[in-house]
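The values are calculated or read from the model by the stated rules, or taken from the named source; none is laboratory data. It should be emphasised that the depicted structure is a prediction, and the values quoted were computed from it without experimental measurement. Please note: Cβ atoms are built from the backbone with ideal geometry, for glycine as well, and neighbour counts cover all protein chains shown.
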Amino acid sequence: FEGETHVSFKSPFPDVEIPNLSVYDFLFGRVDPADADRPALVDGASGAVTTYQTLVGQIDGVAGALAARGLAVGEVVALHSPNVPAFAAVFHGILRAGGVATTINALYTAEDIAKQLTDSHAKFLFTVSPLLPQAKDAAARVGIPTENVIVLDGADGHPSLTDLLTEGHPAPEVSFDPATQLAVLPYSSGTTGRPKGVMLTHRNLVANVCQINPRMGIGADDRLLAVLPFFHIYGMTVLLNAALYNRAALVTMPKFDLVEFLSIVSAQRCTYVFIAPPVAVALAKHPLVDDYDLSSVHSVFSGAAPLDQELGRAVANRLGCRVRQGYGMSEMSPVSHAIPFDRDDIALDSVGPTIANMECKLVDPATGQEVAYPAEGVSAPGELWCAGPNIMAGYLGNEAATAETLDADGFLHTGDIATVDAEGVVTIVDRMKELIKYKGYQVPPAELEALLLTHPQIADAAVIGVLDDEGEEVPKAFVVAQPGAEDLDEAAVIAFVAERVSPHKKVRRVEFIDLVPKSAAGKILRKDLRAGEARR
Ligand code: AYL
């Protein structure tokens, strides 16, 4: 057969060297004295600056305080906070002490938090006072004592970050192998089921910064707008780690609000703005944008969900800046593809070439055959499989899910359908896995389906992502009502879910059906539900 050879494709870029260092040694092992007074973090709202020297002092202090409280190498610490400057000190302090940071979505309910604390075996929980009610509730459920719940900005009965730092413990001497030692445990539902702990090593995180760095064009004079959450892998690697590696400044915003966003970008003279696609809609279309001086911005970078080409172009034209797109997955630390900053010729609806040190293939999900790499033009579509030094070690305590996702040759099966052109530029064309993305956040349908089934008037349910009028993905529930359930309507189903989940996981569309389509093995046939949507 044709196409049996030369089916996998390597990054078009030369391999980069990945130093065998811990994340701390890689980022902060040598801070040039000339960089010590540069701003590392700027609080967007107040303008308060944390310099590199101050940051490193705080990281050491947090590491020392955790070690003094008995944290051992490999133990897990949860970090539950929106983007505030102190996030960086705590995150890197945990890693500096040899701890593993499990970052928790700031939107989560107490139940979501408790699940992650239990699954990850977290010993400490860092949070902020506005999130304390749900954090406290979760900590109590899993038995984390009050003195181990540290509230960054302080709260009665809890240690604060200032308390930890004034104890003045030096950073502990720890030794571990960066290639195997876990650094972080973000949660992702992957291709199927509930959220799982994604085991990323120090090497995974160091590698991904080295792999993307030559393509991002981040310099020490850049001021990056950090509204994308550091608790999610996009913010963690592309903002927190890549920016600090380059001695750039991170301008933090705890949550998105258009007016605040525009004011901060303009007042702080941000140069590089990182967004998910819904923000691009506002930047391209909202009249308010004209009221602000955004001339400092040279680049907008979008990732986490598909960017529409026209929309990307409209942002570039309106702001007079570059627009680029990246693609990846928590399980890849996360970036595998990005349009390089210095390439204006690559279509904006593509995700660019494969980054350095990676190899990919496309596999036809129907036949399991590898799709031939095109001599010219564009390949047939196939599931994107990726291998490289940024691929996770596996899912925590879940060998079955790990084996389903990571094959014996080291390829991660992304669950996304892509094509590749003769130059190696990849375009994501579809998603075959269950996962729904709402504003770039993960929504695992399995979680919503299980919740819907707890409703006494619901006999069966299936959830998929559908596009709303703006072309944004939203969760839709297909519901089979119990016989005689007369007052169960769309509003009732939406309200039932909304009362029990964090806002990004709300069901936003409901359709009543007679039977959920299932395979002989009982698997929901999401393809059939999606095909029904497409026919409307
Ligand atoms: P997770 N286009 C289409 N789908 C995308 C894109 C994109 N550009 N980026 C992410 N996805 C979807 O773990 C895709 O289905 O990581 C993928 O499997 O929350 C899933 O989101 C992974 O969701 C960057 C900046 C990557 C961000 C990221 C995304 C991290 C999101 C590279 O430069």
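Of the residues making up region 291-315, not one is over 26 Å from ARG431 (Cβ atoms), within 16 Å of the ligand (Cβ to nearest atom) and in a helix (DSSP H, G or I). Name the residues in region 463-491 that are free of Cβ contacts under 8 Å to residues at least 12 places away in the same chain and either outside any loop (DSSP other than H, G, I, E, B) or buried (at least 19 other Cβ atoms within 10 Å of the Cβ) (or both), would you? Result: LEU467, ALA491.
Could you say whether any residue in region 163-172 is in contact with a strand residue (DSSP E or B) (Cβ under 7 Å, 6 or more places away or on another chain) and not acidic (Asp, Glu)?
Initially, region 163-172 is screened for residues in contact with a strand residue (DSSP E or B) (Cβ under 7 Å, 6 or more places away or on another chain), giving 164.
Next, from what is left, pick out any that are not acidic (Asp, Glu): 164.
There is at least one residue in region 163-172 that is in contact with a strand residue (DSSP E or B) (Cβ under 7 Å, 6 or more places away or on another chain) and not acidic (Asp, Glu).
Only one of PRO172, PRO186 is modelled with pLDDT of 95 or more and more than 13 Å from the ligand (Cβ to nearest atom). Can you tell me which? So that I can check it myself, show each step before the final result.
Values: PRO186 fails: more than 13 Å from the ligand (Cβ to nearest atom).
Selected residue: PRO172, the only one of PRO172, PRO186 that is modelled with pLDDT of 95 or more and more than 13 Å from the ligand (Cβ to nearest atom).
Going through ALA249, ALA207, ALA243, ALA226 one at a time, which residue ends up being touching a Gly at 6+ places or on another chain (Cβ under 9 Å) and under 17 Å from ALA86 (Cα atoms)?
Working: ALA249 fails: touching a Gly at 6+ places or on another chain (Cβ under 9 Å); ALA207 fails: under 17 Å from ALA86 (Cα atoms); ALA243 fails: touching a Gly at 6+ places or on another chain (Cβ under 9 Å).
The match here is ALA226.
One residue is enough: does region 316-339 have a residue meeting the conditions surrounded by 17 or more Cβ atoms within 10 Å (Cβ to Cβ), part of a strand (DSSP E or B), away from the ligand (no atom under 11 Å from the Cβ) and not basic (Lys, Arg)? Show your work before the answer.
First, the residues of region 316-339 that are surrounded by 17 or more Cβ atoms within 10 Å (Cβ to Cβ): 316, 319, 321-339.
If we keep only those that are part of a strand (DSSP E or B) too, we end up with 322-328, 335-338.
After this cut, where a residue has to be away from the ligand (no atom under 11 Å from the Cβ) as well, the list is 322-323.
Pick out the ones that are also not basic (Lys, Arg) and you get 323.
The answer is yes, given that some residue of region 316-339 is surrounded by 17 or more Cβ atoms within 10 Å (Cβ to Cβ), part of a strand (DSSP E or B), away from the ligand (no atom under 11 Å from the Cβ) and not basic (Lys, Arg).
When only residues in region 207-224 that are farther than 19 Å from PRO353 by Cα and surrounded by fewer than 24 Cβ atoms within 10 Å (Cβ to Cβ) count, which is nearest to the ligand (Cβ to nearest atom)? If you could, list the steps in order and put the result at the bottom.
Applying the first criterion (farther than 19 Å from PRO353 by Cα) to region 207-224 yields 219-224.
If we keep only those that are surrounded by fewer than 24 Cβ atoms within 10 Å (Cβ to Cβ) too, we end up with 219-223.
Values: GLY219: 18, ALA220: 21, ASP221: 21, ASP222: 16, ARG223: 19 Å.
Ranking the qualifying residues of region 207-224, first place goes to ASP222.
Before we move on, is ASN246 more than 16 Å from the ligand (Cβ to nearest atom) and among the polar types (S, T, N, Q)? Judged against the criteria, ASN246 is not a match. PHE176 falls short of the stated requirement of being under 21 Å from the mean Cα position of the chain (by Cα) and in a loop (DSSP other than H, G, I, E, B). Among the residues of region 370-403, those identified as free of Cβ contacts under 8 Å to residues at least 40 places away in the same chain and either surrounded by fewer than 19 Cβ atoms within 10 Å (Cβ to Cβ) or of a type outside the set (A, V, I, L, M, F, W, C) (or both) are ALA380, GLY382, GLU399, ALA400, THR402, ALA403.
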